[in-house]
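Visitor: Okay, here's the structure, questions in a sec.
The values are calculated or read from the model by the stated rules, or taken from the named source; none is laboratory data. For clarity, every value in this text was computed on a predicted model and none was experimentally measured. FYI the Cβ positions are ideal-geometry reconstructions off the backbone, even for glycines, and counts take in every protein chain you see. With ligands, DNA and RNA removed, areas are computed over all heavy atoms of the protein, side chains included. Shrake-Rupley method; radii C 1.70, N 1.55, O 1.52, S 1.80 Å.
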Amino acid sequence: MRVRPDGPSIHEVTVGGNTFRVVLSPRADAAHTYLLVHGIGMSHRYLRRLHAELAHNHAVVSIDLPGFGGLPHPPRELDVPAMAAAIARLLAHLDLPPVVAVGHSMGSQWVIELAAQRPDLVTHVVAMGPVADDRHRTPTAQALALALDIFREPPLANWLVLSDYVRCGIPWYLRQLRHMLAYRIEDRVRALARPLLVIRGARDPIAGAAWCRRLSAGAADAETSEIPGSGHVVQHSAPRGVADAILAFRARQELR
């Protein structure tokens, strides 16, 4: 385990042959634990700002999934349901209480599937910039939207995305892209027994407003939130706004 003097502990954990990187900010007095899951090609690095915001008052765990962030590839192919099952095994291994599962981009697929498979491990689900829009579900459409988003992100966000893509590698990215485009997230939200919050940046060309509304409408208990001025990597460009939206959502749910 590696412990930063001014931040969370970072260590690698292998469960069921799959190696994860776990970035943990524990709090003995925390009423809630937040799990942050990156998207395709990415790592925990672009979740650091949101992690720090939530860690002021809550326990937070960010993870790098097998094959991402320079981690070894898993011993077998992991589609979305298999990756979600692997995350469930990791949570059981870490002996965490039920989490608020927060995913970005393809991470939204993984956390929604996690909650659908194992509602005992999840209290709430947050989908930030969810993919893939059912009316633009092709590699070309996704690539064009990603290219457009580059012009809507701050330089540091673009550097994090591009450098993590390099660490991930094109072959693994393309294998996961196939799974991302095949996964019908709009169908799986109907299986959720936990409240869902869909968050998007107001300038996000990947997770459009109409798509996010359709996705939210498919769940039994869901809300949407839009963060002004932000693109797809909303949790990096507006971490306070995203954290506030998540905390307010959870607080409203608890008042019911």
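Visitor: Could you grab the pairs with beta carbons closer than 6 Å, sequence gap of 6+ or different chains, first residue in region 23-47 and within 10 Å of GLY69 (Cβ to Cβ), second one of a type in the set (Val, Ile, Thr) and surrounded by 19 or more Cβ atoms within 10 Å (Cβ to Cβ)?
Guide: Matching pairs, first to second residue: HIS44/VAL23.
Visitor: Among the residues of region 244-256, write down those that are among the hydrophobic types (A, V, I, L, M, F, W, C) and either in a loop (DSSP other than H, G, I, E, B) or open to solvent by 10 Å² or more (accessible area, probe 1.4 Å) (or both).
Guide: The answer is ALA245, LEU247, ALA248, ALA251, LEU255.
Visitor: Please give the number of the condition ALA127 fails out of (1) touching a Cys at 6+ places or on another chain (Cβ under 9 Å); (2) within 18 Å of THR33 (Cα to Cα); (3) assigned to a helix (DSSP H, G or I).
Guide: Every condition holds for ALA127 apart from (3).
Visitor: Among the numbered criteria (1) over 25 Å from LEU177 (Cβ atoms); (2) open to solvent by 20 Å² or more (accessible area, probe 1.4 Å), which one does GLU77 miss?
Guide: (1)
Visitor: Also, quick follow-up: Among the residues that make up region 235-243, is at least one of them surrounded by fewer than 18 Cβ atoms within 10 Å (Cβ to Cβ), out of contact with any Ser or Thr (no Cβ under 8 Å at 6 or more places or on another chain) and free of Cβ contacts under 8 Å to residues at least 60 places away in the same chain?
Guide: no
Visitor: Let me ask you something else. Restrict the check to region 106-116 and report whether at least one residue is over 21 Å from ALA248 (Cα atoms), touching a Phe, Trp or Tyr at 6+ places or on another chain (Cβ under 6 Å) and not in a loop (DSSP other than H, G, I, E, B).
Guide: Looking for residues that are over 21 Å from ALA248 (Cα atoms), touching a Phe, Trp or Tyr at 6+ places or on another chain (Cβ under 6 Å) and not in a loop (DSSP other than H, G, I, E, B), one finds at least one in region 106-116, hence yes.
Visitor: Regarding region 159-170, can at least one residue be identified that is open to solvent by 20 Å² or more (accessible area, probe 1.4 Å) and more than 26 Å from PRO74 (Cβ to Cβ)?
Guide: yes
Visitor: Tell me, which strands (runs of 3 or more DSSP E) wholly within region 1-68 include 1 or more residues that are surrounded by 20 or more Cβ atoms within 10 Å (Cβ to Cβ)?
Guide: 18-25, 33-37, 59-64
Visitor: Scan region 182-214 residue by residue and report those that are touching a Gly at 6+ places or on another chain (Cβ under 7 Å), surrounded by fewer than 22 Cβ atoms within 10 Å (Cβ to Cβ) and either among the polar types (S, T, N, Q) or within 14 Å of ASP133 (Cβ to Cβ) (or both).
Guide: Scanning region 182-214 gives a single hit, GLU186.
Visitor: Scan region 57-66 and tell me whether some residue there is without any contact (Cβ under 8 Å) to a residue 60 or more places away in the chain and among the small types (Gly, Ala, Ser).
Guide: yes
Visitor: For region 144-153, how many residues meet the condition of being farther than 20 Å from ALA210 by Cβ and free of Cβ contacts under 8 Å to residues at least 60 places away in the same chain?
Guide: Counting residues in region 144-153 that are farther than 20 Å from ALA210 by Cβ and free of Cβ contacts under 8 Å to residues at least 60 places away in the same chain gives 3.
Visitor: With the requirement that a residue be touching a residue at least 12 places away in the same chain (Cβ under 8 Å) and open to solvent by less than 80 Å² (accessible area, probe 1.4 Å), what does region 133-143 give you?
Guide: Selection gives ASP133, ASP134, ARG137, THR138, PRO139, GLN142.
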